[in-house]
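Asker: Below is a structure I'd like to ask you about.
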Amino acid sequence: MRQKVFLSLMLLAVILISVAITILPTFFTTGISRVELKQEFDLPLVLNDKKEIKLIFFGYSGCIDICTPRLISIAKFYSSLSPELKQHVGVEFLDISTPEDKTLPTQFAQYFNSDFKGIYLPKDVLRNYTKIFSVYFSKSLLDETEYDHSSHLYIVKRTGDKKELRYIYNSYPFDFKQIKLDIEELLNE
């Protein structure tokens, strides 16, 4: 009997350690972790203003564990940009939760910075975005009012009528020095 209990506890410990090793890098990683690409897409809503570069973040309104700390850091970064650079760069928060109140994404995004744009995505449009941007999300198993989701930061660029996904930053904290260099490089292409 003791051996069965011991083996069960060992198995549980191995499972918990495996889960921790798998999940923790999603929340905090070190070093530069970015993907550079040129993936053209033709989806509505993103880059519909005069900005040439957009920082895109997917999350849900009211998310305090993932979205809030990341949006706070994005807001600090955005505030540090020169007025000249801000003329070309914007931030868009795309809500994965399709809330009943369609103004909620805008309210949530503008809580962090009044220049941020919150975007409500109907479910059919959301599917298209999550495919293009490889966004993972699902209802939380622990709390049905929350979502588990990826927390990457994306840079998209508009050139004329063409929209391209150019960078994906998948480590946190984000390397804003590198992100600024990438933005400046994209603007000088």
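Asker: If residue 61 passes every condition in (1) without any contact (Cβ under 8 Å) to a residue 60 or more places away in the chain; (2) of a type in the set (Ser, Thr, Tyr); (3) farther than 18 Å from residue 166 by Cβ; (4) surrounded by fewer than 20 Cβ atoms within 10 Å (Cβ to Cβ) but one, which one does it miss?
Answerer: That leaves (4) as the condition not met.
Asker: When the range 131-153 is examined, which residues are found to be under 9 Å from residue 58 (Cα atoms) and hydroxyl-bearing (Ser, Thr, Tyr)?
Answerer: Passing the criteria: 150, 151.
Asker: While we're here: Kindly indicate which of 97, 73 is polar (S, T, N, Q) and surrounded by 20 or more Cβ atoms within 10 Å (Cβ to Cβ).
Answerer: Of the residues listed, the single one that is polar (S, T, N, Q) and surrounded by 20 or more Cβ atoms within 10 Å (Cβ to Cβ) is 97.
Asker: Residue 25 fails exactly one of the following numbered conditions: (1) modelled with pLDDT under 90; (2) touching a strand residue (DSSP E or B) at 6+ places or on another chain (Cβ under 6 Å); (3) part of a helix (DSSP H, G or I). What is the number of that condition?
Answerer: That leaves (2) as the condition not met.
Asker: Is it true that some residue in the range 168-185 is small (Gly, Ala, Ser) and surrounded by fewer than 16 Cβ atoms within 10 Å (Cβ to Cβ)?
Answerer: No, there is no match, as no residue in the range 168-185 is small (Gly, Ala, Ser) and surrounded by fewer than 16 Cβ atoms within 10 Å (Cβ to Cβ).
Asker: Let me ask something additional. Which residue out of 46, 91 is in contact with a helix residue (DSSP H, G or I) (Cβ under 9 Å, 6 or more places away or on another chain) and at pLDDT below 95?
Answerer: Every option except 46 fails the conditions.
Asker: Is it the case that some residue within the range 109-131 is touching a Lys or Arg at 6+ places or on another chain (Cβ under 6 Å) and of a type in the set (Phe, Trp, Tyr)?
Answerer: yes
Asker: Sort through 151, 134 and tell me the only one that's modelled with pLDDT of 85 or more, surrounded by fewer than 17 Cβ atoms within 10 Å (Cβ to Cβ) and in the same structural domain as residue 80 (by TED's automatic domain parsing).
Answerer: Working: 151 fails: surrounded by fewer than 17 Cβ atoms within 10 Å (Cβ to Cβ).
Being modelled with pLDDT of 85 or more, surrounded by fewer than 17 Cβ atoms within 10 Å (Cβ to Cβ) and in the same structural domain as residue 80 (by TED's automatic domain parsing) holds for just one of 151, 134, which is 134.
The values are calculated or read from the model by the stated rules, or taken from the named source; none is laboratory data. Because the structure is a prediction, the values reported are computed rather than measured. All Cβ positions, glycine included, derive from the backbone under ideal geometry; neighbour counts span all protein chains shown.
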